[in-house]
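Heads up, the thing below is written out as structure tokens.
The values are calculated or read from the model by the stated rules, or taken from the named source; none is laboratory data. The shown structure was predicted, so the numbers you read here are calculated from the model rather than taken from an experiment. With ideal geometry, Cβ positions are generated from the backbone for all residues, glycine too; neighbour counts draw on all protein chains shown. The area values use the complete protein model at the heavy-atom level, side chains included, leaving out ligands, DNA and RNA. Shrake-Rupley method; radii C 1.70, N 1.55, O 1.52, S 1.80 Å.
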Amino acid sequence: MTCRSAVVMLAVLAGCKSSEPPKPVVASDARVASAADASVPVDAREVAPNPVPDTAPAQRLWIHEMKDAATFEAYSKEVGGERFAKFVVDLKTNAIYYFDVNVYPVHKDFIFGALYKKPKTKEAVRVFDKNYGANKTDFIMCYLVHHLNADQWTFAFWDGDLAKPEHVRLAYKKIQQTFFNAAKVRFRPDSNYQEGVAKETKDVPHVLNDELYKLADYASFNKGVAIGKLRMVPPNVPETELAFADDEIVVLQTPLSDITPVAGIISETFSTPLSHVNLRAKGWKIPNVGLRDAQRKLAELADKIVYFEAKDAEYVIRAATAEEIAADAQRRTKKTTIAIPVVNLDASELSPLSEMRAKDDVIFGPKAANLGEILHANLPGFEVPPGFGIPFRYYRDHLAAAGIDKQLDALLADPQFLADQNVRKQKLEQLRKAIEAAPLAPELRAKVEAGLATLPPDAGVFVRSSTNAEDLSNFSGAGLHDTKPNVRGLDAVCDAIKYVWASTWTLRAFEARQHAGIDQRKVYGAALIQLGVPATAAGVVATVHPTDPNDEKNYTVNAKSGLGMAVVDGRKVPESLIVSWYNRGIRVLSRSDEDKLLVFDGQGGVREVLNPSKGKPVLTNKMALDLAQVARALTKLFKNPKLDIEWVYVADKLYIVQTRPLVGQ
């Protein structure tokens, strides 16, 4: 069967490119816009026009009225599950022009080519760009979108447009006069500023991107094709009791914070593109989608071998053919192998982050070493919380002193352990308990005490993993290991170090490494002790567009109020933005729906409290734009345009807490 549906939250942005705008002056906060904001950037989604093919049918390049669906179809284009047209309202003549977006993908190109009929000189463009500001001189420029699966119609401005209420009213009036389906069209604000305008324009019906996202029946988080057994996972089963096989396509009623390797993922509750589960899917290169009521819709295929293909706006799932099954079996015989860094087991000194460099990943792991490299660069606009690393040597010595290294070697040589996931699950749990129960070496305890003395007294710390099998260019390991937040006191920190070491051998970590062809005998755990930051907002920025991995100018930002652990677990929709470091445009894809947030507990650890800011923006425009600029600087520092960056804000002060390659893009 085939299901055609809209990926509402990505809208018309999917697959489009940026042009080269002049340096803009923009409103820096969601609450403010003035005449000073008139010089704004050109539309980041706009590209150069395509020539009309010689074989194209005769059709006017623009019309004043769309009388029927066939006309809309002819002048519009479908991208990412949404069919969109564009129109221009001439403020001097009051005329509306619906133009052919297949010929003129850009408002500006249509206006210069068909209306101005003059070249786009720098001076002419500079004057024209005032039409994106609050004080428009000549034109209103809008999109008209049919969100296909939800059957919703909206009109919208570019997300950086500072249109006033009167501009929204005029655009809506012209649509009512000239569009065949005008009664269904609502204004869709695409930025914090435009949401404020919508509240002032109550006579024009509007709908938020967040509302459209919740109406969608389908969302593609990672495209791809898979062959596997379709498994219906029952709800309310604790994650600790679930086990998966890498030839299964799983249908989840409730979201998981993590998952071991599978062939494909279908979730009834939509997650976020930057959740740990979706980052796994990208790393494994498997299809991952959200599909409302999936278990009912796919019930007839349960426990059968199926062909599953995830596309931008639709999916295909059906019984697999014998040829497809055979080809998949052949593919599985070709195992990949990922080499991980060979560690330095001689280094014994605990080092502050400020003295680490990227090359020290062989001593402290990439997570800690990357932060050291950032600190050394002394980039402006943010801080890195201070901390220190514990070398791999102490993990090796800890296991050897208790004989756990021999226990681990025996497991890795046991055919039953390697063949049976249930056996692995049980034995790995026993291994972790042994690591946590063994006493910490007095030498290490004394060094940890000295390290803690360099941090502010009575402050909680995060104890984090930093293995040699995570944060690599070809293996992310995001979320595979455990972190202890807001740990207070020497005894608790020492216990947390052992807990983090033990998480090297969680089932999810073992299975992910096995799937990647990593030699388990060469895996070592290190630990990072880092000052806890009482975040008021936290999240992740991926330095790529959510649907176009080749777009390096528009970044994806996920944010939530409070501490950041809830952002990547995928259980709640975060605030999701597309932010351009290039032209300082911000597009709102969704708002956070969190009723509660995480804060530090004074006795250690974290606790949930009611979210006093529910429904309000998590990030101001200035915070989002500053974050994009810092992320851009980090891509240059690491000479990698595709990074996965974890950040926190305390009020308006930005901290970077992790940077790693974005795998699978």
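Here are a few things to note about the model shown:
- Matching residues in the range 399-421 - criterion: being touching a residue at least 40 places away in the same chain (Cβ under 8 Å) and either of a type in the set (S, T, N, Q) or not in a helix (DSSP H, G or I) (or both): Gln421
- So Asp491, is it in contact (Cβ under 8 Å) with a residue 12 or more places away in the chain, out of contact with any Pro (no Cβ under 6 Å at 6 or more places or on another chain) and open to solvent by 10 Å² or more (accessible area, probe 1.4 Å): no
- Candidates Leu375, Leu411, Leu399: the one that is touching an Asp or Glu at 6+ places or on another chain (Cβ under 8 Å) and among the hydrophobic types (A, V, I, L, M, F, W, C) is Leu399.
- Single unsatisfied condition, Glu373 versus (1) acidic (Asp, Glu); (2) within 27 Å of Gly605 (Cα to Cα); (3) touching a residue at least 12 places away in the same chain (Cβ under 8 Å); (4) in a helix (DSSP H, G or I): (2)
- The range 435-484, subset surrounded by 21 or more Cβ atoms within 10 Å (Cβ to Cβ) and charged (D, E, K, R), residue farthest from Ile338 (Cα to Cα): Lys484
- Selection count, the range 513-531, where residues are of a type in the set (Gly, Ala, Ser), open to solvent by less than 10 Å² (accessible area, probe 1.4 Å) and assigned to a loop (DSSP other than H, G, I, E, B): 2
- Ser592 vs. criteria at pLDDT below 85, crowded, with 19+ Cβ neighbours inside 10 Å and of a type in the set (S, T, N, Q): yes
- Some residue of the range 329-351 being within 30 Å of Ala633 (Cβ to Cβ), among the polar types (S, T, N, Q) and open to solvent by 40 Å² or more (accessible area, probe 1.4 Å): yes
- Candidate set from the range 149-193 (those that are part of a loop (DSSP other than H, G, I, E, B) and open to solvent by 40 Å² or more (accessible area, probe 1.4 Å)); member that is modelled with the lowest pLDDT: Asn149
- The range 612-665, subset part of a loop (DSSP other than H, G, I, E, B) and among the hydroxyl-bearing types (Ser, Thr, Tyr), residue farthest from Lys282 (Cα to Cα): Ser613
- The conditions of being among the acidic types (Asp, Glu) and either under 18 Å from His481 (Cα atoms) or in contact with a Gly (Cβ under 8 Å, 6 or more places away or on another chain) (or both) are met by Asp361.
- Residue pairs meeting the criteria (Cβ under 6 Å; at least 6 apart or on separate chains; first in contact (Cβ under 8 Å) with a residue 40 or more places away in the chain and on the phi < 0 side of the Ramachandran plot, in the range 292-303; second open to solvent by less than 70 Å² (accessible area, probe 1.4 Å) and part of a loop (DSSP other than H, G, I, E, B)): Arg292/Asp217; Ala294/Glu268
- Check on Val197, without any contact (Cβ under 8 Å) to a residue 60 or more places away in the chain, buried (at least 17 other Cβ atoms within 10 Å of the Cβ) and part of a loop (DSSP other than H, G, I, E, B): no
- Output for the range 64-95, where each listed residue is aliphatic (A, V, I, L, M) and either at pLDDT below 95 or closer than 24 Å to Asp312 by Cα (or both): Ala69, Ala70, Ala74, Val79, Ala85
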